[in-house]
Amino acid sequence: MIRIAVLGAGRIGKIHAHNVAACPDAKLVVVADPFAEAASSLAAKLGCEATTDCDAAIARNDVDAIVIGTPTDTHIKFMLQAVEQGKAVLCEKPIDLDMGRSIAAAREVERLNGRVMLAFNRRFDPTSQAFRKAIDAGEVGEIRQVVISSRDPGMPPRDYVLHSGGIFRDMVIHDLDLARWLLGEEPVEVMAMGSRLVDRTLEDVADYDTVMVQLKTASGKQCHINCCREAVYGYDQRFEVFGAKGMLLQDNLRASTIRRWSATTTDAREPLLNFFLERYVEAYKNELEAFVAAVAANAPMPTTVNDGLQALRLADCALESVRTGQVVKV
Ligand SMILES: NC(=O)c1ccc[n+]([C@@H]2O[C@H](COP(=O)([O-])OP(=O)(O)OC[C@H]3O[C@@H](n4cnc5c(N)ncnc54)[C@H](O)[C@@H]3O)[C@@H](O)[C@H]2O)c1
């Protein structure tokens, strides 16, 4: 039984806390959040303790592992504190918004033999896992191209945008990780375009809402990522892997597979599962279970701090490419 403290009782913290509480091999000991009401209401629902003191939650003798779901600028502090105290960590993405600080943190984790998993939930989606199996079994042959479309249902609030680190480090980072994982090779070249087609005032904060990224690996494998902060039809999450022997295609998910025909419409389908908490519910559950299993078996973490560094590096290269109009070597 892995005894866990969840830090952060916001959007993602709630998901992790529910999944810990539901995991048969884990025990949710405490939820910590400086906002007392957030911590106590979540803890009351899940039958665990609540605290406003994250440091104290990490230090508890009856806690083996820490799940970090707090704002990005707190990740490194809590991660290193936990590792120094010999606790395993599941840390939300990104490690940090700054590459230099992220590299220094990764070195410290390595020096301390820390056990840290980076929360790239999309790898744990049932479809992604099925893709992995099919690719590994040689079903599509040698991969030639990966194409990812990833569009949010609507612009986040201005305050969120200001602290997000920009669309590449906040949103596209998931797609960059998925791309690396599906390609099975590190991209060595990045080319990107950025536009402000939803909110032109993003120019004031040097951010974009509509972007395209192209990646190329050393052996020539390619990836094309489309991202937009607003899709009026909902959370659009599709990808395909094309190879020498065929293609795998992941379409959007809906609440049901019913299709309707009437006098005024044909082939009408349910709306898309809207936003990440609904669309990736299984992925978050599987991610947490994979973390608990790795901690229990003292096995390698399924996603690592290095994965976090690589995705952040690609995000930074994409931003540089947008700014310079040049292909950027990774
Ligand atoms: N993997 C994913 O799909 C995914 C989705 C959403 C968010 N995230 C990541 O999770 C993190 C949290 O995002 P969110 O959307 O849940 O944010 P949120 O604002 O909903 O929740 C953050 C929580 O942290 C608490 N908090 C604020 N300052 C704190 C501090 N100094 N120390 C400890 N707790 C503090 C807040 O009270 C709040 O309850 C971010 O790093 C974000 O990038 C990942």
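Within region 21-28, identify whether any single residue is in contact (Cβ under 8 Å) with a residue 60 or more places away in the chain, within 9 Å of the ligand (Cβ to nearest atom) and open to solvent by 10 Å² or more (accessible area, probe 1.4 Å), and answer yes or no.
Within region 21-28, none of the residues are in contact (Cβ under 8 Å) with a residue 60 or more places away in the chain, within 9 Å of the ligand (Cβ to nearest atom) and open to solvent by 10 Å² or more (accessible area, probe 1.4 Å).
Given the criterion in contact with a Lys or Arg (Cβ under 6 Å, 6 or more places away or on another chain) and surrounded by 17 or more Cβ atoms within 10 Å (Cβ to Cβ), identify the matching residue among ASP125, ASP152.
ASP152
Go through region 1-15 and report how many residues are buried (at least 20 other Cβ atoms within 10 Å of the Cβ), near the ligand (Cβ under 9 Å from one of its atoms) and on the phi < 0 side of the Ramachandran plot.
6
Does ALA130 fit the bill of being open to solvent by less than 10 Å² (accessible area, probe 1.4 Å), assigned to a helix (DSSP H, G or I) and either within 16 Å of the ligand (Cβ to nearest atom) or within 28 Å of CYS23 (Cβ to Cβ) (or both)?
When the stated conditions are applied, ALA130 does not pass them.
Which one is farthest from GLY114 (Cα to Cα) among residues in region 69-94 that are more than 6 Å from the ligand (Cβ to nearest atom) and within 13 Å of the chain's Cα centre (by Cα)?
Here the residue is PRO94.
Inside region 188-292, counting only strands (runs of 3 or more DSSP E) that do not spill past its ends, which hold 3 or more residues that are in the same structural domain as GLU320 (by TED's automatic domain parsing) and aliphatic (A, V, I, L, M)?
Fully inside region 188-292 and qualifying: 210-217, 246-250.
Keeping to region 293-330, report how many residues are part of a helix (DSSP H, G or I), polar (S, T, N, Q) and open to solvent by 20 Å² or more (accessible area, probe 1.4 Å).
3
Taking the condition assigned to a helix (DSSP H, G or I), modelled with pLDDT of 95 or more, open to solvent by less than 20 Å² (accessible area, probe 1.4 Å) and in contact with a Lys or Arg (Cβ under 9 Å, 6 or more places away or on another chain), does LEU42 pass?
Taking the combined requirement at face value, the residue satisfies it.
The values are calculated or read from the model by the stated rules, or taken from the named source; none is laboratory data. Just so you know, these numbers come straight off a predicted model, no measurement behind them. All Cβ positions, even for glycine, are placed from backbone atoms using ideal geometry, and neighbour counts span all protein chains on display. Surface areas here come from the heavy atoms of the whole protein model, side chains and all, with no ligands, DNA or RNA. Shrake-Rupley method; radii C 1.70, N 1.55, O 1.52, S 1.80 Å.
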